Amino acid sequence: GICALGDVTLTNSTVIANQSAAGGAGIEISDAATNAITITLVSAVLAANIGPEGNFNPRINNGGGVVLPVSHSLFGDDPAEINGTNSDNVFTDAPDLLGLAYNGCAVPAGAPGNTACVQTHAVLPDSPVLDTGLNPLNLATDQRGIGFPRVIGAAADIGAVEMYARPPQANAIVD
């Protein structure tokens, strides 16, 4: 999950499958200042996190506030938590993404001799994230890099990874 102490923008990102014994398991905000904190979600997945406060918890300490604008995202908590822009969102706590796995990459990460693709959450064929997101940064690729286009289909998928037309191979590296 994310523990935010200041303004945060998540664009084409996926925050799922985190667990917490206290607070929000996806994003926990501790407002220690008197000013407002803004957490912006654009084409992001925030769902399927397990904690007492669900996916998102804006904890206010000193009279500040939390502004939550969300657009073209999949949001797993009550839509009433969104107190900023709320446009073109999908509201469900079931994003239909697979667990973290090696779904291919352009460049492996890690120390020499111990490199591997960064694990990602693959998109299932009937996921509500399909073709419902944006690509506001005009990214050419998804999180995996070269060989994995950011947009496949009518529009970008919500989150960090596009559904790929063929099943990825474990630790596959695309030339």
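General remarks:
- Taking LEU137, LEU100, LEU68 in turn, the Gaussian network model of the chain (Cα-Cα springs below 10 Å) assigns the largest fluctuation to LEU137.
- The residues neighbouring ALA48, those whose beta-carbon lies less than 14 Å from its own, together hold a net charge of -3 under the Lys/Arg +1, Asp/Glu -1 convention.
- If only the Cβ of Lys and Arg carry +1 and only the Cβ of Asp and Glu carry -1, the dipole of the chain around its Cα centre is close to 440 debye.
- Stokes-Einstein D for the chain, Kirkwood Rh over Cα pairs, 4 °C, 1.567 mPa s (µm²/s): 78 µm²/s
- Rh by Kirkwood over Cα pairs, then Stokes-Einstein D for segment 108-170 at 1.567 mPa s and 4 °C, µm²/s: 103 µm²/s
- Distance histogram in 5 Å bins (all Cα pairs of segment 45-106, percent per bin): 4, 15, 22, 20, 16, 11, 7, 3, 1, 0
- Residue ranking by accessible heavy-atom surface, 1.4 Å probe, largest first, among LEU10, LEU134 comes out as LEU134, LEU10.
- Taken one residue at a time, the phi angles of segment 15-27 give Karplus couplings (6.51, -1.76, 1.60, θ = phi - 60°) of 10, 9, 6, 9, 10, 8, 7, 9, x, x, 7, x, 9 Hz. Gly and Pro are set to x.
- Since only ALA80, VAL70, VAL45 are under comparison, the one whose Cα sits farthest along the positive direction of the charge dipole of the chain, derived from C-beta charges on Lys, Arg, Asp and Glu, is VAL45.
The values are calculated or read from the model by the stated rules, or taken from the named source; none is laboratory data. No experiment lies behind these values; they were computed from the predicted model shown. Glycine also receives a Cβ, built like all others from the backbone with ideal geometry; neighbour counts cover every protein chain displayed. These area figures cover heavy atoms from the full protein model, side chains too; ligands, DNA and RNA do not enter into them. Shrake-Rupley method; radii C 1.70, N 1.55, O 1.52, S 1.80 Å.
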